[in-house]
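Down below is the structure, laid out as structure tokens.
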Amino acid sequence: MPTAIILLLLAAAPSDPAATNQHPNVVMIVGDDMAWTDYGFASHPHVKTPNIDRLAADGALFPNAYVPTSLCRASLATLLTGMYAHQHKICCNDPPKGVDRSLMLPFLRDAPTIPRLLQQREYRSFQTGKFWEGPFENGGFTHGMTKTGRHGEEGLAIGRQTMQPIYDFITQSKSQPFFVWYAPMMPHQPHNPPERILKKYSMDGRDVRQAKYWGMCEWFDETCGDLLKWLDDHKLTDNTLVVYVVDNGWVQSTGPTQPGEQFLTRSKNTPYDGGVRTPVILRWPGRIKPGRHDDLVSTIDLAPTILSACGIKAPEKMPGVNLIDVASGAKPLRRDAVFGEIYTHDCVELGKPVLSVTHRWVRQGDWKLIVPTKDKSPSELFNLATDPHEKQSLAEANADRVVQLTKFLDGWWKLEGGVADHSQKTK
């Protein structure tokens, strides 16, 4: 593109949303398989994340945020729809054996997703990175990188190989508002950070798998910094809502590789905080006050938050809340609990999430209850104020609290006769 045209575009870029009365651009950064502890702002002793730390300092940081389902596909679908997996019915990564994968795609294709709803305000939207739902159009995106594949195929070049497709898309958007889905498969395996980063974490006595994972966290942070700097350089920061989140947690195993390691470390695809907890960050200069909020929030809140910022009323079926009011200091969040559901990796039967659910969980205040559904294992109860890594269940000594929280959980999603009843909104 000629330099003169680029300069004209930059000069036309809005810097004050109040003065221009334009809806904000939105950039959604979605990390992949990263622990809630593995950031500089979380006081990790080794991992360096200066760019995400800066984002957290400049925006509203919600460190007590959760994904309802700690498995990639279900979690991403919740981010896009603002609904629980038992609502959007995308609960597992893969279909039952012998069932064609294409039969899983209509669930998101027919759902009210963020990019689909943003078309009401003539937003252009761009999918990059992780996307399980076939062609990008299935998610309601107007533009995208993924055309086929299980993880996102073509879209997975973003982050690890290039950031240019995002920059090109934004430049081509001109004065039209845009939504960017930046979901690189990072720090997700393969853990192959550049040697220049890996050498920072490699040392005698440290497991090489641990060093590679930490290196991936820093590499991911680098790409986030590149994207945020590009927005700065093109004077787009002031009119852009940046949303940061991770699809699910990760606790890195060490030593020889073992099958099902994430269950041994109680991280991905488990109901423990190592799997379901993630920081959420919202940055929108002039509209969101920098600060830390210890409220319990869920990724079901992000769709209604984004839609509200863009002047669109969230559909009634979205049970989350708008976090802009909380992040701007306008009013407190009237909620004391968040809920979640864990499923088998492969679906038992398409369209019937209740058949695949393995656990339900609820955190109310500092207390967290985990209720198994597939076996006769006892419920587990943890006090996260004194036991943030859930080492010791207190269920036996707190039987009354277990009963009370179980009833509370049933009020959210009751399992009776193989039918799910989503009878309680979390507003």
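The values are calculated or read from the model by the stated rules, or taken from the named source; none is laboratory data. Source: prediction; values computed, not measured. A quick note on method: Cβ atoms are made from the backbone with ideal geometry, for glycine too, and the neighbour counts reach across all protein chains shown.
Could you check, for region 41-53, whether at least one of its residues is surrounded by fewer than 22 Cβ atoms within 10 Å (Cβ to Cβ) and among the aromatic types (Phe, Trp, Tyr)? Checked region 41-53: at least one residue is surrounded by fewer than 22 Cβ atoms within 10 Å (Cβ to Cβ) and among the aromatic types (Phe, Trp, Tyr).
For the criterion of being closer than 22 Å to residue 26 by Cβ and surrounded by fewer than 22 Cβ atoms within 10 Å (Cβ to Cβ), residue 100 fails. If the condition is being in a loop (DSSP other than H, G, I, E, B) and hydrophobic (A, V, I, L, M, F, W, C), then region 98-113 contributes 99, 105, 111. In the set (1) of a type in the set (Asp, Glu); (2) farther than 29 Å from residue 218 by Cα; (3) in a loop (DSSP other than H, G, I, E, B), the condition left unmet by residue 133 is number (2). From the list 225, 215, the one residue that fits, being crowded, with 23+ Cβ neighbours inside 10 Å, in contact with a helix residue (DSSP H, G or I) (Cβ under 9 Å, 6 or more places away or on another chain) and touching a residue at least 24 places away in the same chain (Cβ under 8 Å), is 215. Condition check for residue 364 on (1) touching a helix residue (DSSP H, G or I) at 6+ places or on another chain (Cβ under 8 Å); (2) polar (S, T, N, Q); (3) in the same structural domain as residue 112 (by TED's automatic domain parsing): one failure, at (3). Of the residues 409, 350, the single one that is closer than 21 Å to residue 66 by Cα and buried (at least 18 other Cβ atoms within 10 Å of the Cβ) is 409. Report, by residue number, each residue of region 19-40 that is hydroxyl-bearing (Ser, Thr, Tyr) and buried (at least 17 other Cβ atoms within 10 Å of the Cβ). 37, 39, listed by residue number. The listed residues are 157, 85, and the only one of them that is at pLDDT 95 or above, of a type in the set (A, V, I, L, M) and farther than 29 Å from residue 344 by Cβ turns out to be 157.
The rows are residues; the columns are (1) farther than 21 Å from residue 138 by Cβ; (2) β-branched (Val, Ile, Thr); (3) assigned by TED's automatic domain parsing to the domain that holds residue 279; (4) under 10 Å from the mean Cα position of the chain (by Cα).
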site: 44; (1), (2), (3), (4): yes, no, yes, no
site: 51; (1), (2), (3), (4): yes, no, yes, no
site: 66; (1), (2), (3), (4): yes, no, yes, yes
site: 74; (1), (2), (3), (4): no, no, yes, no
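State all residues of region 304-324 that are touching a helix residue (DSSP H, G or I) at 6+ places or on another chain (Cβ under 8 Å), within 17 Å of residue 84 (Cβ to Cβ) and of a type in the set (D, E, K, R); if no residue qualifies, say none. The answer is 317, and nothing else. Quick check, is residue 65 in contact with a Pro (Cβ under 7 Å, 6 or more places away or on another chain), part of a helix (DSSP H, G or I) and modelled with pLDDT of 95 or more? Against the criterion (in contact with a Pro (Cβ under 7 Å, 6 or more places away or on another chain), part of a helix (DSSP H, G or I) and modelled with pLDDT of 95 or more), residue 65 does not qualify.
Give the residue that is surrounded by the fewest Cβ atoms within 10 Å (Cβ to Cβ), with candidates limited to residues of region 245-292 that are more than 14 Å from residue 38 (Cα to Cα) and aromatic (Phe, Trp, Tyr). This residue is 263.
Scanning region 327-367 for residues that are modelled with pLDDT of 95 or more and polar (S, T, N, Q) returns 344, 356, 358, 364.
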